[in-house]
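The values are calculated or read from the model by the stated rules, or taken from the named source; none is laboratory data. What you see is a predicted model; the values in this text were computed from it and never measured. Note that each Cβ is placed from the backbone with ideal geometry, even for glycine, and that neighbours are counted across all protein chains shown. Surface areas here come from the heavy atoms of the whole protein model, side chains and all, with no ligands, DNA or RNA. Shrake-Rupley method; radii C 1.70, N 1.55, O 1.52, S 1.80 Å.
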Amino acid sequence: MLQLNQIEKVFYEGTPDEKRALRGIDLTLNEGDFVTVIGSNGAGKSTLLNIVAGVLFPDYGAVSIDDKEVTFLPEYKRSKWIGRVFQDPMAGTAPNMTIEENLALALGRTKKRSLFKGVTQNRRAEFKELLNSIDIGLEDRLNTKVGLLSGGERQALSLLMATFTKPRILLLDEHTAALDPARAELITRITKDIVAKHQLTTLMVTHQMDQAIQLGNRLFMMDGGQIIFEANDEQKEKLTVEQLINEFQKIRGKQFANDRSVLSV
Amino acid sequence: MVSALYGALESGLIYALMALGVYLTFRVLDFPDLTVDGSFVTGGAVSAIMIMNGSDPFLATLMGGVAGFLAGCITGLLHTKGNINPLLSGILMMTALYSINLRIMGQPNIPLLNQTTVFKEIGSWWEGLQIDEYLLKPFTALGLGEYAPKTFLVIISMIFIVFMLKKIMDWLLRTEAGIALRATGDNARMVKSLSANTGSYIVVGLGLSNGLVALSGALYAQYNGFSDVNLGIGMIIVGLASVIIGEGLFGKKSVVRATLAVILGAILYRIIIALALRVDFLDASDMKLITAVIVIGALVFPKWWKEFKEKRKRYTRRKTLNKQQQEGGEENASVKSD
């Protein structure tokens, strides 16, 4: 499904600011896997996601999707198979366009955009049904400009836009981090539902340990550009936040505590 | 006076095409494109030289538009492939076009007075229809014959052309590709993540925009009876003035509304200029200054007005608060003295 082979990425190479963001990352996602990735700031989580998405290209190593090498395929070509939700609720939608136009835009992800009308009667009905499925009252506001929605509503819409065309891979980049606890809970629930419904292969980056444990069937912990701990299905069932922190200390021999507030246990 | 207003209406309608082009870049694509100063002349130059060489005026006008489309695409490529800042790529193209326009024309000015232009071509057909006579009847009936224009030819034909192109633009911006084009100006990062190449949308958008601008330039040259290499100076500001005035007065809620507003803005702008030129101490040479002042006013005034209203609101609230406090204070004092 998704394969990363010995991925290396260095920023500011050859300067005093040199930062080795990823060091030899190997990972394989199988069909239907829901992997959560956890780690402190600067661990390389976002770089990893950007390399999968094609925003960044690796210095070394290869990325392949469905056994097709895509390492240097530009983002706009690769996103045919990749759905993505950003951390910033403003990033995933076009604020000056209506909800239905945004959804029509997302519909064009999998096929060529034509010179036919973007929002037809049929599609409008489809969109309505689609919005109904997340049940937050957006179905009656198809003609509202997205800029007028709240952060939570926009994030829910982004999630819908990224997923309803059934991408091969779904990338979630701390997509609940900018929301208040209640909204974050809601988005987490919708994420769970949608991923289960379409059985999407998902890679989710998060800061919250409890969320990482609660969601998905596999868990990676990253630090210093490496995957230092991996829990599979069975192990993850029994995993607790305390264990995860202990694990980190054992492997790294340093305190995870600095990040405890950020990780919101 | 009145004939000046008809003139303003006619040239306003021709400029409206240019304003639609400017709207497409400045508003829809959020790309401040200064190519306009050059591509406006390119349109005029190409159509003039083709008409001089005996081409069909309609074909000549169309080719003027095509030349503008190509110029816009080059600006787009400078930005997307060359990674040059939007403003700078427009300025570079505008500068290059000045020389190119001179090359096309071979001389700084081509007179078209004795040539068959689009308007003359439509005119011969127009007279057969005798529409003017019908339209002039109400004027003469009301005894306003002297206030009537000589012919409605330019006004009617331009209304037809402008609204046809507006319709096409409205339709285009609501197609699947059009939605992606608009989203490119709204949130480019998202568009890329939804599998659309923002670069090609920018190139095509700039092409279409400058195509409209050049079409406007071609029609303007034929309307005025000459093409001049300096005709385009400050044209971007005229377009911007039309967009800002139009949106400010007529709204920009939807695409359909905004394009209409831009057209009306262009007409209104010409009327304002026509009126301003009636003022004794202003000359035709002051036109650019007037335009700049109008744009500055349209940009600054709404903000000032808002702030002023806000301040006044705060002031009255403060006053009532003070009054309440004072009254409260007096009550307390009287209670004490009791």
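Pairs needed: first member in region A:201-227, under 20 Å from A:A21 (Cβ atoms); second member anywhere, acidic (D, E) and in a strand (DSSP E or B); C-beta distance under 9 Å; at least 6 residues apart or different chains.
Within 9 Å, the pairs are A:M204/A:D173; A:V205/A:D173; A:F220/A:E230; A:M221/A:E230; A:G225/A:E8; A:I227/A:D26.
Of the residues B:D30, B:D37, which single one is farther than 23 Å from B:I272 by Cα, out of contact with any strand residue (DSSP E or B) (no Cβ under 9 Å at 6 or more places or on another chain), of a type in the set (D, E, K, R) and open to solvent by 10 Å² or more (accessible area, probe 1.4 Å)? Lay out the reasoning, then the answer.
Numbers: B:D37 fails: farther than 23 Å from B:I272 by Cα.
Being farther than 23 Å from B:I272 by Cα, out of contact with any strand residue (DSSP E or B) (no Cβ under 9 Å at 6 or more places or on another chain), of a type in the set (D, E, K, R) and open to solvent by 10 Å² or more (accessible area, probe 1.4 Å) holds for just one of B:D30, B:D37, which is B:D30.
Assess whether B:A67 counts as being assigned by TED's automatic domain parsing to the domain that holds B:R27 and either within 15 Å of B:G225 (Cβ to Cβ) or in contact with a Lys or Arg (Cβ under 7 Å, 6 or more places away or on another chain) (or both).
On the way: assigned by TED's automatic domain parsing to the domain that holds B:R27: yes; either within 15 Å of B:G225 (Cβ to Cβ) or in contact with a Lys or Arg (Cβ under 7 Å, 6 or more places away or on another chain) (or both): no.
Judged against the criteria, B:A67 is not a match.
So, A:A182, is that one among the small types (G, A, S) and within 21 Å of A:N41 (Cβ to Cβ) or not?
Numbers: among the small types (G, A, S): yes; within 21 Å of A:N41 (Cβ to Cβ): no.
Taking the combined requirement at face value, the residue does not satisfy it.
Only one of B:P138, B:P149 is more than 30 Å from B:T95 (Cβ to Cβ), over 21 Å from the mean Cα position of the chain (by Cα) and without any contact (Cβ under 8 Å) to a residue 24 or more places away in the chain; which? Spell out the reasoning first.
Details: B:P149 fails: without any contact (Cβ under 8 Å) to a residue 24 or more places away in the chain.
Checking each option against the conditions leaves just B:P138.
Restricting the search to region A:93-116, which residues are in contact (Cβ under 8 Å) with a residue 12 or more places away in the chain, facing chain B (nearest Cβ under 9 Å) and either open to solvent by 30 Å² or more (accessible area, probe 1.4 Å) or not β-branched (V, I, T) (or both)?
If the condition is that a residue be in contact (Cβ under 8 Å) with a residue 12 or more places away in the chain, facing chain B (nearest Cβ under 9 Å) and either open to solvent by 30 Å² or more (accessible area, probe 1.4 Å) or not β-branched (V, I, T) (or both), then A:A94, A:P95, A:N96, A:M97, A:E101, A:N102, A:A104, A:L105, A:A106, A:L107, A:R109, A:T110 are the ones that fit.
Any idea which of (1) open to solvent by 30 Å² or more (accessible area, probe 1.4 Å); (2) without any contact (Cβ under 8 Å) to a residue 24 or more places away in the chain; (3) within 14 Å of another protein chain (Cβ to nearest Cβ) is the one A:E18 doesn't satisfy?
(3)
Somewhere in region A:187-209, is a residue surrounded by fewer than 19 Cβ atoms within 10 Å (Cβ to Cβ) and modelled with pLDDT under 90?
no
Keeping to region B:305-334, report how many residues are at pLDDT 90 or above and under 30 Å from B:A241 (Cβ atoms).
The qualifying residues number 6.
Give me the residue from region B:289-311 that is more than 20 Å from B:F250 (Cα to Cα) and without any contact (Cβ under 8 Å) to a residue 40 or more places away in the chain and, out of that set, most open to solvent (accessible area, probe 1.4 Å). Reasoning before the result, please.
The initial filter retains those residues of region B:289-311 that are more than 20 Å from B:F250 (Cα to Cα), namely B:289-290, B:292-293, B:307-311.
Checking the rest, the ones that are also without any contact (Cβ under 8 Å) to a residue 40 or more places away in the chain come to B:289-290, B:293, B:307-311.
On the way: B:L289: 111, B:I290: 23, B:V293: 87, B:E307: 109, B:F308: 102, B:K309: 94, B:E310: 103, B:K311: 131 Å².
The selected residue is B:K311.
For region B:158-232, which fully contained helices (runs of 4 or more DSSP H) count at least 1 residues that are away from every other protein chain (no Cβ under 14 Å) and surrounded by 23 or more Cβ atoms within 10 Å (Cβ to Cβ)? So that I can check it myself, show each step before the final result.
Numbers: elements: B:176-186, B:188-193, B:198-224.
Qualifying helices (runs of 4 or more DSSP H): B:198-224.
Does A:T28 qualify as being away from every other protein chain (no Cβ under 14 Å), exposed (fewer than 15 other Cβ atoms within 10 Å of the Cβ) and farther than 28 Å from A:Q155 by Cβ? Let's see the steps before the verdict.
Values: away from every other protein chain (no Cβ under 14 Å): yes; exposed (fewer than 15 other Cβ atoms within 10 Å of the Cβ): yes; farther than 28 Å from A:Q155 by Cβ: yes.
It is true that A:T28 is away from every other protein chain (no Cβ under 14 Å), exposed (fewer than 15 other Cβ atoms within 10 Å of the Cβ) and farther than 28 Å from A:Q155 by Cβ.
Taking region A:40-59 only, how many residues are within 14 Å of chain B (Cβ to nearest Cβ), part of a loop (DSSP other than H, G, I, E, B) and in contact (Cβ under 8 Å) with a residue 40 or more places away in the chain?
Residues meeting the conditions: 1.
Assuming A:A62 fulfils every condition listed in (1) over 30 Å from A:E237 (Cβ atoms); (2) of a type outside the set (V, I, T); (3) in contact (Cβ under 8 Å) with a residue 24 or more places away in the chain; (4) not in a strand (DSSP E or B) apart from one, which condition is it?
A:A62 satisfies all of (1) over 30 Å from A:E237 (Cβ atoms); (2) of a type outside the set (V, I, T); (3) in contact (Cβ under 8 Å) with a residue 24 or more places away in the chain; (4) not in a strand (DSSP E or B) except (4).
Taking region B:3-16 as the search range and keeping residues that are of a type outside the set (D, E, K, R) and closer than 14 Å to B:F152 by Cβ, which one is least open to solvent (accessible area, probe 1.4 Å)? Can you show your working first?
So in region B:3-16, the residues of a type outside the set (D, E, K, R) come out as B:3-9, B:11-16.
After this cut, where a residue has to be closer than 14 Å to B:F152 by Cβ as well, the list is B:3, B:5-7, B:9, B:13.
Values: B:S3: 89, B:L5: 61, B:Y6: 46, B:G7: 26, B:L9: 52, B:L13: 3 Å².
Among those that are of a type outside the set (D, E, K, R) and closer than 14 Å to B:F152 by Cβ, it is B:L13.
Here are some conditions: (1) closer than 27 Å to B:W125 by Cβ; (2) in contact (Cβ under 8 Å) with a residue 12 or more places away in the chain; (3) among the polar types (S, T, N, Q). B:S39 meets all but one. Which one does it not meet?
(1)
Return the residues of region A:117-173 that are among the acidic types (D, E) and either in a helix (DSSP H, G or I) or open to solvent by less than 10 Å² (accessible area, probe 1.4 Å) (or both); say none if nothing qualifies. Outline the logic, then answer.
Looking only at region A:117-173, we keep the residues that are among the acidic types (D, E), and these are A:126, A:129, A:135, A:139-140, A:153, A:173.
Scanning region A:117-173 gives A:E126, A:E129, A:E139, A:D140, A:E153.
Just give me the residues in region B:233-254 being open to solvent by less than 10 Å² (accessible area, probe 1.4 Å) and free of Cβ contacts under 8 Å to residues at least 40 places away in the same chain, in sequence order.
Hits for region B:233-254: nothing passes.
Go through (1) facing chain B (nearest Cβ under 9 Å); (2) more than 25 Å from A:H207 (Cα to Cα); (3) under 22 Å from the mean Cα position of the chain (by Cα); (4) modelled with pLDDT of 90 or more for A:S158 and report which single condition fails.
A:S158 satisfies every listed condition except (2).
It is to be established whether one or more residues within region B:51-68 are within 23 Å of B:G211 (Cα to Cα), open to solvent by 80 Å² or more (accessible area, probe 1.4 Å) and in contact with a strand residue (DSSP E or B) (Cβ under 7 Å, 6 or more places away or on another chain).
As a first pass, look at region B:51-68 and keep what is within 23 Å of B:G211 (Cα to Cα): B:51-68.
The next check asks that each one be open to solvent by 80 Å² or more (accessible area, probe 1.4 Å); those that pass are B:52-53, B:58-59, B:62.
Subset that is in contact with a strand residue (DSSP E or B) (Cβ under 7 Å, 6 or more places away or on another chain): B:52.
Yes.
Please count how many residues of region A:76-92 are among the polar types (S, T, N, Q) and open to solvent by 10 Å² or more (accessible area, probe 1.4 Å). Don't jump to the end; show me each part of the working.
So the first thing to find is which residues in region A:76-92 are among the polar types (S, T, N, Q), and the list is A:79, A:87.
In the following step, the residues that additionally are open to solvent by 10 Å² or more (accessible area, probe 1.4 Å) were identified as A:87.
Selection size over region A:76-92: 1.
With the condition kept exactly as written, say whether any residue in region A:21-31 is touching a Gly at 6+ places or on another chain (Cβ under 6 Å), closer than 30 Å to A:R141 by Cα and in contact (Cβ under 8 Å) with a residue 12 or more places away in the chain.
We begin by selecting, within region A:21-31, every residue touching a Gly at 6+ places or on another chain (Cβ under 6 Å); these are A:21-23.
Checking which are closer than 30 Å to A:R141 by Cα leaves us with none.
Scanning region A:21-31 turns up no residue that is touching a Gly at 6+ places or on another chain (Cβ under 6 Å), closer than 30 Å to A:R141 by Cα and in contact (Cβ under 8 Å) with a residue 12 or more places away in the chain.
Out of the residues in region B:116-137 meeting the condition of being within 27 Å of B:D37 (Cα to Cα) and not in a helix (DSSP H, G or I), tell me which one is most open to solvent (accessible area, probe 1.4 Å). I'd like the intermediate steps shown before the answer.
Keep residues of region B:116-137 that are within 27 Å of B:D37 (Cα to Cα), which gives B:116-120.
From what's left, not in a helix (DSSP H, G or I): B:116-117.
Values: B:T116: 72, B:T117: 6 Å².
Checked region B:116-137; the qualifying residue most open to solvent (accessible area, probe 1.4 Å) is B:T116.
Under 8 Å between Cβ atoms, at least 6 apart or on separate chains: pull out the pairs that start in region B:210-230 with a residue that is on the phi > 0 side of the Ramachandran plot and modelled with pLDDT under 95 and end on any residue that is of a type in the set (S, T, Y) and not in a helix (DSSP H, G or I).
Here the result reads B:G225/B:T117, each pair linking region B:210-230 to a residue that is of a type in the set (S, T, Y) and not in a helix (DSSP H, G or I).
Among the residues that make up region A:26-35, is at least one of them over 17 Å from A:E174 (Cβ atoms), more than 17 Å from the chain's Cα centre (by Cα) and at pLDDT 90 or above? Quick ask: steps written out before the conclusion?
First, pick out the residues of region A:26-35 that are over 17 Å from A:E174 (Cβ atoms): A:26-33.
Applying the additional criterion that residues be more than 17 Å from the chain's Cα centre (by Cα) yields A:26.
After this cut, where a residue has to be at pLDDT 90 or above as well, the list is A:26.
Yes, region A:26-35 contains at least one residue that is over 17 Å from A:E174 (Cβ atoms), more than 17 Å from the chain's Cα centre (by Cα) and at pLDDT 90 or above.
Checking A:E126 against (1) more than 15 Å from the chain's Cα centre (by Cα); (2) facing chain B (nearest Cβ under 8 Å): exactly one of these is not met. Which one?
Tallying (1) more than 15 Å from the chain's Cα centre (by Cα); (2) facing chain B (nearest Cβ under 8 Å), A:E126 fails exactly one: (2).
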